[in-house]
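Data block below; observations after.
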There are 2 protein chains.
Amino acid sequence: MGEDNKKKNISYNLRLTIIGEEKFFGPGIAKLLHLIDEYGSIRSAAMAMDMSYSKAWKILRRADKELGYPMLESKNGGDGGGKSSLTPEGRAFLNNYDNMERELAETADKLLKKYF
Amino acid sequence: MGEDNKKKNISYNLRLTIIGEEKFFGPGIAKLLHLIDEYGSIRSAAMAMDMSYSKAWKILRRADKELGYPMLESKNGGDGGGKSSLTPEGRAFLNNYDNMERELAETADKLLKKYF
C-alpha cells in the first residue's frame, strides 16, 4: 500500500483535541497559554493571535471547569496592570499536551514516509 | 509530567489532513469516499453526510488536481442513473490515509494514558 501514490512535497497537519465532558483543549488554547506565559497578559495574548478577549475568556473558563482547577492566576499590579501567569497545575497540563502532540508528530513523520 | 493532571473519562480527537499545494485530504473527504464506495453515488453520499453536492464536487476535484489522477470513475446506467466508484489509485490513496490515521490513533491511545 505504501508503495502507491508516491508524491513529492506531501506533508500533513495534525490537530489534537482533548475531550472531557466536551472538547476543551486543542491547539488554540495551547497557543493562547504559551502567549500568556510570554506576555503575562490575557488581553495581549488574545490580541497577538487575533482572538477576541471574550473568546479567550470563554475557552479558558471552559478548560478550568473541565479540569477542576484554574489554568491561570492573576496578580494586580500597583498601577492597575493585572498580571496573569500559569498555575503549576496549568503549566503541567499544557506540558502534557505539548509532549503528547510532539510525540504524535514524531510518529506521523514516520507514517507519512511509510504511506505517501 | 505524565503523573500530573490525572482525570477520569478524558479522551481525545485527532484530525489528520494531507497537504500538497494546499490541504486536500482529511476526515471529510475520506468519509465521503467511503460513502460513495457504499452507495455508488456522489449525490447519495453527500446527502448522507449533510454535505451539498457542489461542496462534494469541489473537494473531490481539489483532490484529483493535487494527486494528478482521478479518485472516481463514473459509468452511466441504462436508465440515466450514473454510477460512481473509486479508481484503483483512488482506493489505494484512501487506504493509505485510513492506515496512517489508524496507526496514529494507536499511538495516541498509548500517549493519552502516558500523559493524562
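When you filter the GluC sites (Glu not before Pro) in the range A:8-104 for DSSP loop state and at most 14 other Cβ atoms inside 10 Å of their Cβ, you are left with A:21, A:22. For residue B:112, the label point sits 7 Å beyond Cα toward Cβ; its separations from the matching points on the remaining copies run 2.4 nm, from shortest to longest. Compute the label-point distances linking residue A:31 to its equivalents in the other copies; points lie 7 Å from Cα along Cα→Cβ; give nm, one decimal, shortest first. Residue A:31 label point versus its equivalents elsewhere: 2.4 nm.
Summary for residue A:65: label point 7 Å along Cα→Cβ; distances to the equivalent points in the other copies, ascending, 4.1 nm. Lys-Lys pairs in the range A:26-115 that are eight or more residues apart or on separate chains and whose Cα atoms lie under 17 Å of each other come to 4. The mean sequence separation of alpha-carbon pairs under 8 Å and at least six residues apart, normalised by the residue count of the range B:4-116, gives a relative contact order of 26 percent. If you run the Gaussian network model on chain B, springs between alpha carbon atoms under 10 Å, then out of B:105, B:63, B:46 the most flexible one is B:105.
Using alpha carbons only, the radius of gyration of chain B set against its Kirkwood radius gives Rg/Rh = 1.11.
Taken together, the values in this text are just the output of simple stated rules run on the coordinates, not laboratory data. What you see is a predicted model, and the numbers here were worked out from it, not measured in a lab. Heads up, the Cβs are rebuilt from the backbone with ideal geometry, glycines too, and the neighbour counts pull from every protein chain shown.
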